[in-house]
Amino acid sequence: MATTKKTKKAQTPLDQRETFVSIQKNFADSSDMVEEKLRTLYELQKADVAIDKILSRRGLLPEEVSTLEAEVEVINGKIARLTELNSGLTLSINENKQKAVESEEAAARYRAQLNAISNSREYDSIEKEIENLDLEKQIADKFVGEAKMKIAENKATIEELNQKKEVRAEDLRIKKEELDNIAKTTAEEEKVLTAKRNALAEKLDERTMSAYERIRSSVHNHLAVVSVFNENACGGCFNTIIPQRLIDIASMKKLVICEHCGRIIVSPQMD
Ligand SMILES: [Zn+2]
């Protein structure tokens, strides 16, 4: 019983308002008009797909551009931070070099005094002073050595970041150019397609258009009219089409609706 229910549901998923099923009986006044109407629907579908393509192209690019811009900004921030650190370190290196020279000179002056001193207490005190100055010089020298290493490390990181930035910036340049081109060309392209689309839509009655729009918006690939795929499958849901329906489709004199997905199926000859 559950299977029957399921099948029923699948057959009439869009029955609430206008569907291709509900317009099937009065789709055309004569069978000759069916083919023309089907062709119009199929062309309309093509124009809508082309318009969708333009919109999606435009829709993605601005996002990609802003992502790349944000990435470049982050890289620039890192480079600025490391450059600032290196300037600070260079300044401290100079200060410490100066300090080392001063300590060395002061120690030399004390050493010269030592020969003239006979008082052992004073001698010890000066020796202590020299020891301190030597230590100060050692500390300053050590700082200079370490800071130079840190600067080299930062420079290597900056170099890496610059390479990364170059790649991103080139990407950004290309995407921006693409977006500019799309903005320039798609406006005209979209105008032409929309005019074509509207002219086709005008040829169709309201109920047919309503059914078309309804199915288009309810299926994920936005195709309301599909052709036969691989000889015997619906080009929308890829379920098998029974032989009698295949004959009807090939005749182009009947409105054939896929019993599984509700799409109109047309002959591949219309491609
Ligand atoms: Zn189908």
Taking first residues from the range 239-262 that are without any contact (Cβ under 8 Å) to a residue 12 or more places away in the chain and more than 10 Å from the ligand (Cβ to nearest atom) and second residues anywhere that are among the aromatic types (Phe, Trp, Tyr) and outside any loop (DSSP other than H, G, I, E, B), the pairs with Cβ under 7 Å that are 6 or more apart or on different chains are none
Among (1) within 24 Å of Ser22 (Cβ to Cβ); (2) away from the ligand (no atom under 16 Å from the Cβ); (3) in contact with a strand residue (DSSP E or B) (Cβ under 8 Å, 6 or more places away or on another chain), which single condition is Asp271 missing? (1)
Which members of the range 204-235 meet the condition of being within 13 Å of Lys37 (Cβ to Cβ), without any contact (Cβ under 8 Å) to a residue 12 or more places away in the chain and part of a loop (DSSP other than H, G, I, E, B)? Asp205
Would you check if there is a residue in the range 45-67 being free of Cβ contacts under 8 Å to residues at least 60 places away in the same chain and farther than 30 Å from Glu178 by Cα? no
If we scan the range 173-180, do we find a residue that is crowded, with 16+ Cβ neighbours inside 10 Å, more than 24 Å from Met33 (Cβ to Cβ) and at pLDDT below 90? yes
Check the range 88-106 and report whether any residue there is over 30 Å from Asn162 (Cβ atoms), modelled with pLDDT under 95 and of a type in the set (S, T, N, Q). no
Of the residues in the range 57-84, those that are under 30 Å from Gln138 (Cβ atoms) and surrounded by fewer than 14 Cβ atoms within 10 Å (Cβ to Cβ) come to Thr83, Glu84
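Table: residues versus (1) more than 33 Å from the chain's Cα centre (by Cα); (2) hydroxyl-bearing (Ser, Thr, Tyr).
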{"position": "Asp205", "(1), (2)": "yes, no"}
{"position": "Tyr212", "(1), (2)": "no, yes"}
{"position": "Cys237", "(1), (2)": "no, no"}
{"position": "Arg245", "(1), (2)": "yes, no"}
{"position": "Asp248", "(1), (2)": "yes, no"}
{"position": "Lys253", "(1), (2)": "yes, no"}
{"position": "Ile264", "(1), (2)": "yes, no"}
Residues of the range 215-238 being near the ligand (Cβ under 10 Å from one of its atoms) and among the β-branched types (Val, Ile, Thr), which ones? Val219, Val226
Is there a residue in the range 61-79 that is within 30 Å of Ala201 (Cβ to Cβ), under 39 Å from the mean Cα position of the chain (by Cα) and assigned to a helix (DSSP H, G or I)? yes
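The values are calculated or read from the model by the stated rules, or taken from the named source; none is laboratory data. This is a predicted model, so every value here is computed, not measured. Note that each Cβ is placed from the backbone with ideal geometry, even for glycine, and that neighbours are counted across all protein chains shown.
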